[in-house]
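Here the structure comes first, spelled out in structure tokens, and everything after it is commentary.
The values are calculated or read from the model by the stated rules, or taken from the named source; none is laboratory data. Given the structure is predicted, the values throughout are model-derived calculations rather than measurements. Neighbour counts are summed over all protein chains in view; Cβ atoms, including those assigned to glycine, are modelled from backbone coordinates with ideal geometry.
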Ligand SMILES: [Zn+2]
């Protein structure tokens, strides 16, 4: 896995969402975890995404346990169905 660890601050929703997966997997650098947690405390939108993603990953793990043949595409489809982008406030530019 090639982690993009150049960023030391996670203060935008986009950055938080980009790191959420690693955070849940426990693969995020400690300083990034802190920044992410700090953001989650103040940002309800990201909390909703975090909660949803957390439940989805739990589901995926459950599926993997019960059906080891589960193709990887199912996981990607799950994320696509979630359409996480909708939680990210779009700035008119
Ligand atoms: Zn946010």
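Can you confirm whether residue 80 is assigned to a helix (DSSP H, G or I) and either within 12 Å of the ligand (Cβ to nearest atom) or at pLDDT 90 or above (or both)?
So residue 80 does not fit the description; no.
List, please: which pairs have Cβ atoms under 6 Å, are six or more places apart or on different chains, and start with a residue in region 13-26 that is over 11 Å from residue 53 (Cβ atoms) and end with one that is modelled with pLDDT under 90 and within 9 Å of the ligand (Cβ to nearest atom)? Correct list of pairs: 13/88.
Would you check which residues across region 30-59 are buried (at least 17 other Cβ atoms within 10 Å of the Cβ) and away from the ligand (no atom under 14 Å from the Cβ) and list them? Scanning region 30-59 gives 32, 56, 57.
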